[in-house]
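First up is the structure itself, then whatever we jot down about it.
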Amino acid sequence: QVQLVESGGGSVQPGGSLRLSCAASTNIFSIYTMGWYRQAPGKQRELVAVITRDGSTNYADSVKGRFTISRDNAKSTLYLQMNSLKPEDTAVYYCNGRNFINNYWGQGTQVTVSS
């Protein structure tokens, strides 16, 4: 069983930045696609960004140019750098690791963007 623990959420004003971290209990980055998802109140969970085993990245159109997903294999940690935050980015952000067999989720971290 792989444990994923997110951190770095909080409250920020529009235009501000936050960096989310996701620490994995074991180094799965070489065999799993890792991603960040978010769920706003009353809405379905949606993909924010993914990074594949070979390092390829993909982003939701709504965050392209503002968010950057990255990983540190030595620290078994996934990151999401969020810049130019908007009120519509307010949500619980979840870390995910998946392959053909397994699908792991973290517990989520709240991000609130408000003036």
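Any read-out appearing in this document is the output of simple, stated calculations on the displayed coordinates, not a laboratory observation. Everything numeric here is computed off the predicted structure, so don't read it as measured data. Here the Cβ is made from the backbone with ideal geometry for all residues, glycine too, and neighbour counts use every protein chain on show.
See the values below:
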{"read-out": "Over segment 1-61, equivalent-ellipsoid semi-axes from the Cα gyration tensor in Å", "value": "22, 15, 13"}
{"read-out": "Global size of the chain as Cα Rg and Dmax, reported in angstrom", "value": "13.3, 43"}
{"read-out": "Relative contact order computed over the chain (Cα-Cα under 8 Å; 6+ residues apart), in percent", "value": "37 percent"}
{"read-out": "Those lysines that a straight Cα-Cα span of less than 26 Å connects to K75, excepting residues fewer than 8 apart in one chain", "value": "K64"}
{"read-out": "Volume in Å³ per residue [convex hull over Cα atoms, computed for segment 42-105]", "value": "114 Å³"}
{"read-out": "Residues in segment 25-51 that a label on Q1 would reach, taking backbone N under 16 Å of a point 7 Å out along Cα→Cβ", "value": "25-26"}
{"read-out": "Using θ = phi - 60° and Karplus 6.51 cos²θ - 1.76 cosθ + 1.60, couplings along segment 105-115 (whole Hz; Gly, Pro as x)", "value": "10, x, 7, x, 9, 7, 10, 10, 10, 7, 8"}
{"read-out": "Net charge dipole size for segment 29-115 [Lys, Arg +1 and Asp, Glu -1 on Cβ; Debye, nearest 20]", "value": "60 debye"}
{"read-out": "Per-residue ³J(HN,Hα) for segment 41-56, Karplus 6.51 cos²θ - 1.76 cosθ + 1.60, θ = phi - 60°, Hz, x for Gly and Pro", "value": "x, x, 10, 6, 5, 10, 6, 9, 7, 9, 9, 7, 4, 8, x, 5"}
